[in-house]
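Nothing in this text is a laboratory measurement; each read-out follows from the coordinates by a stated rule. Worth saying up front: this structure is predicted, and the values here are computed from it rather than measured. Cβ sites come from the backbone with ideal geometry, for glycine too, and all protein chains shown count toward neighbours.
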Amino acid sequence: CDNLSIQNTLQGKRVIVTAGGTREAVDPVRYLGNRSSGKMGIAIADEFAKAGAQVGLVVGNINIAVPNNELIKIYQVSSTEDMLNQVEQLFDTCDCLVMAAAPADYKIKNNFKQKIKKKPGQKDLILELTQTPDILKTMGKRKNQQIVVGFAAETENLLANAQAKLERKHADMIVANDVSAGVFGSDKNQVYILQTDLEPVSWPEMTKKEIAKRLVSLIIEKMK
Ligand code: CTP
Ligand code: CA
């Protein structure tokens, strides 16, 4: 049976999976966030644990339960910078990183120490944003033996944009998906797999759990 065949294949291996969206503080009561549910990342963490790997699951904001599994250690983080710091701490001794999280791309340039108050007579509020660090790219540049896998969330030019991310971020694999139509929080998705020196492969629509299973099998092949 399928499950038995992958059991223990990753025993002694360490993987990092990130899941969910990060939040960037605006002021003491507000944040910038995104619609990531964490479902995909958590399904991947579960599959790695089934294969016997030790999983560091770095989670931002998620709206499903975190797994309760001896092989999965949860690291809760808030902002993109927090996520980067946590991933950096785990990276050198890991065999694989899967960035399924949706880190916020921008943070407030000058984080407000006090709650922003409405000013009488002032209808508009302009917030200045600045880019957060790119975790996948940072780790892609640093990798030695690690397999580094990222996602690409696109609403247009899916394959071209995903291919550019594969190269720019020094990733070994990119899972590309079109996020224009109800992917967030959904149980299903349709993805393309891009790998260095290979043509993109289209996977039929399937559940996120099925995608996780196929993805982990593919990563196991690459780790051999
Ligand atoms: N990612 C990351 N750090 C960031 C932003 C994204 O590590 N600050 C990772 C995501 O986890 C994902 C991959 O990079 O694995 C691609 O994320 P995506 O949002 O599709 O692309 P970006 O590089 O952020 O570019 P853009 O949002 O402009 O398309
Ligand atoms: Ca982004």
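Let me check I've understood the local charge: for Val29, count other residues with C-beta under 15 angstrom from its C-beta, Lys and Arg +1, Asp and Glu -1. What total comes out?
In short, +4.
When the helix-only estimate is applied to the chain (DSSP H runs of n ≥ 4, each -39,500 (n - 2.57), divided by the residue count), what is the mean residue ellipticity at 222 nm, nearest 500 deg cm²/dmol?
After summing the helix terms and dividing by the residues of the chain, the value is -8500 deg cm²/dmol.
With a Förster radius of 25 Å, plug the Cβ-Cβ distance of Ala181 and Tyr106 into 1/(1 + (r/R0)^6) and report the FRET value to the nearest 0.05.
E between Ala181 and Tyr106, to the nearest 0.05, is 0.55.
My understanding is that a pair violates if its Cα-Cα distance is over 18 Å; which of Lys137/Lys188; Lys137/Lys213; Lys143/Lys169; Lys165/Lys209; Lys39/Lys188; Lys109/Lys141 do that in this structure?
Table pairs above 18 Å Cα-Cα are Lys137/Lys188; Lys137/Lys213; Lys165/Lys209; Lys109/Lys141.
To the nearest 20 debye, what charge dipole does the chain have about its Cα centre, counting +1 at the Cβ of each Lys and Arg and -1 at the Cβ of each Asp and Glu?
Value, rounded to 20: 840 debye.
Based on the Kirkwood radius over alpha-carbon pairs, what is the Stokes-Einstein translational diffusion coefficient of the range 94-173 at 25 °C with 0.890 mPa s viscosity, in µm²/s?
Rounded to a whole number, D works out at 159 µm²/s.
Rounded to the nearest 0.05, what FRET efficiency is calculated for Asp197 and Thr9 with R0 set to 25 Å and r the Cβ-Cβ distance?
0.55
Within the range 110-142, list the residues whose amide N lies under 12 Å from a label point set 7 Å along Cα→Cβ of Val29.
Inside the label zone: 114-118.
Over all directions, what mean area does the Cα convex hull of the chain project, stated in square nanometres?
About 13.7 nm², averaged over all directions.
For Leu129, enumerate residues with amide H under 5 Å from its amide H, sequence gap 5+ or separate chain, H modeled in the peptide plane.
Residues meeting the criterion, in which the H sits 1.01 Å from N, are Lys109.
Across the chain, where is the longest run that never hits GluC sites (Glu not before Pro) in a DSSP loop with at most 15 other C-beta atoms within 10 Å?
In short, 1-69.
Largest first and in whole Å, what are the equivalent-ellipsoid semi-axes of the range 46-179 based on the Cα gyration tensor, each being the root of 5 times an eigenvalue?
For the range 46-179, the ellipsoid semi-axes come out as 31, 20, 15 Å.
Once you list every other residue whose beta carbon is under 13 Å from the beta carbon of Glu128, what net charge do they have if Lys and Arg are +1 and Asp and Glu are -1?
So the surrounding residues net to +1.
Stokes-Einstein diffusion coefficient for the range 137-183 at 20 °C in a medium of 1.002 mPa s, Rh from the Kirkwood formula over Cα pairs: what value in µm²/s?
194 µm²/s
Please give the net charge around Gln145, taking every other residue with its beta carbon less than 15 angstrom from that of Gln145, where Lys and Arg add +1 and Asp and Glu add -1.
Result for the local shell: +4.
Two-decimal Rg/Rh of the range 1-79 from alpha-carbon positions, Kirkwood Rh?
My calculation puts Rg/Rh at 1.09.
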